[in-house]
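Below: one structure, written as structure tokens.
No lab work stands behind these numbers, since they all come straight from the coordinates. Note that this is a predicted model, so its numbers are computed, not measured. Cβ: placed from backbone, ideal geometry, glycine included. Neighbour counts: every protein chain shown.
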Protein chains: 2
Amino acid sequence: MNQYHIFKNIQKHISLTESEKEYLINSWDIKEVGKKDLLLRQGHACRKLCFVESGSLRTFNLNEDGKESTIMFAIQDWWVTDMNGFANQKPAVVSIEALEKSTIIEFDFLMLESLYVKIPKFERFFRILFQNAYIREQQRSFNNIALTTEQRYSYFIDKYPAIVEKITQKQIASYLGVTPEFLSSVKKK
Amino acid sequence: MNQYHIFKNIQKHISLTESEKEYLINSWDIKEVGKKDLLLRQGHACRKLCFVESGSLRTFNLNEDGKESTIMFAIQDWWVTDMNGFANQKPAVVSIEALEKSTIIEFDFLMLESLYVKIPKFERFFRILFQNAYIREQQRSFNNIALTTEQRYSYFIDKYPAIVEKITQKQIASYLGVTPEFLSSVKKK
DNA sequence: CGTCTATTTGAATGTACTCAAAAGCGGTGG
DNA sequence: CCACCGCTTTTGAGTACATTCAAATAGACG
């Protein structure tokens, strides 16, 4: 039971009894995906909040011109979903693909709602989780409006070295919002 | 007591008893500020989470070159602070200024921590609040990397008409991350 | 080994910035 | 109530940043 990384992750912010762990194990779904498999398809309903037990994922949007924008990467120990689609039960505006063979723990929307009622300290856990997600995302918005491409690239590889190992230059470019060609020329500097 | 907008705001997500309202009123501070007054100074400690009871605020960063970047605007019914500075008790990287005469309700860091313990349903309230803030901020990051300046300008004035009324073109430019000159030329189209 | 995709390179074009100056607008004091 | 002051907005020329398109090179993978 305690082999799950997710328990360590949850216990960073709240404590869990053995029976609560038991309850969780019986509540979530575990999914194994292979490289390039999709966990969520843009346009489809988004019913799951995902925790990356192992492996890595990428969340991206494909626009009508065929341009891909990477919303986020999620490696081991990260939570990910189309948060707007999930929380407000609307169609996903992104797809989520596996970057490698991965093990994903899925929280169903209704399961999570009942979890909040049954074990209210999960409100606290996710309050802290979303608070941190908000801080990160606000930092990213700030970087986007205030920094040069070179500075944003440096920030990214400094802050997320474990992600950088798993992804291509092209994917970093689509996360920074520049073309792969331009990122290449920035790196040459 | 029920004249406070903040109670309506909180009760969008959780219910409050009269005695809980009483408790809140005795816990927070109310501050009146005038146009251009600063509620928070960049570099200083950030001890307060602010709710805009009336009026409007702007959060911005000033970099070493003197360039201002607007992080967010907060009109009536919005919550605002330097979230990283507040949550992690680090120096603020932004200043918060009043755009007009405003009434602000302030939650002290320690008061809020004890509120979570005393009235746990506030974990739920802020869980939902941060979840929404995360969604908004993620949308903004996406807009920054995927849309043209013209599209981001349209998105902003469409989504936040009540904010647009209160701010200048220059401030919108600093929120979009472009120069006022360029925004002017985009509007001419 | 061959194929597919990622990365690099370069030329031409478009987007956005800097700097400077003019025009518009709001607040303040006389 | 008008005139002035300071700031915002507009305009334009010149420059820098970033994209598109095309082609060459390099890597990854079956």
With a ≥ b ≥ c taken as the square roots of the eigenvalues of the C-alpha gyration tensor of the stretch B:46-149, please select rounded if a/c is under 1.5 and otherwise prolate if a/b is larger than b/c or oblate if it is not?
-> prolate
Counted neighbours (other Cβ, 10 Å), sorted fewest up, put A:M72, B:M1 in the order B:M1, A:M72
For A:L38, net neighbour charge (Lys/Arg +1, Asp/Glu -1) across residues whose Cβ lies under 15 Å away | +1
Ranked packing of B:93-102, A:106-115, most packed first, by mean Cβ within 10 Å | B:93-102, A:106-115
Can you list, shortest first and in nm, the gaps between the label point of A:H44 and those of its counterparts in the other copies, using a point 7 Å from Cα in the C-beta direction?
-> 5.2
Partner chain Cβ atoms within 10 Å, averaged over the residues of B:81-88 - can you pull that number for me?
-> 3
Prolate/oblate/rounded call for chain B, Cα gyration tensor, a/c under 1.5 rounded | prolate
Hey, what number do you get for chain A at 222 nm if only DSSP H runs of n ≥ 4 count, each worth -39500 (n - 2.57), divided across all residues, to the nearest 500?
-> -14000 deg cm²/dmol
Which peptide among A:182-189, B:135-142, B:32-39 comes first, and what is the full order, when sorted by highest mean count of other Cβ atoms within 10 Å?
-> B:135-142, B:32-39, A:182-189
Would you mind calculating the relative contact order of chain A from Cα pairs under 8 angstrom and at least 6 residues apart, reporting the percent as a whole number?
-> 24
Assigned charges on the beta-carbon of Lys, Arg, Asp, Glu; the protein assembly as shown dipole about Cα centre (debye) = 580
Anisotropy class of the protein assembly as shown from Cα gyration tensor, a/c 1.5 cut = oblate
Phi-derived 3J(HN,Hα) across the stretch A:116-127 with the Karplus relation (6.51, -1.76, 1.60, θ = phi - 60°), rounded Hz, x for Gly and Pro, is 4, 6, 6, 10, x, 5, 5, 4, 5, 4, 6, 4
Neighbouring partner chain Cβ atoms per residue of A:47-54, average, 10 Å criterion | 0
Sorted shortest first, the nm distances from the B:S154 label point (7 Å along Cα→Cβ) to its counterparts in the other copies are 3.6
What whole number of Å gives the distance from the Cα centroid of the stretch A:92-154 to the Cα centroid of the stretch B:84-155?
-> 15
Assigning unit charges at the beta carbon (Lys, Arg +1; Asp, Glu -1) and nothing else, what dipole magnitude in debye, to the nearest 20, does chain A show about its Cα centre?
-> 460
Copies compared at B:E68 - label distances in nm, ascending, label defined 7 Å from Cα in the Cβ direction | 4.0
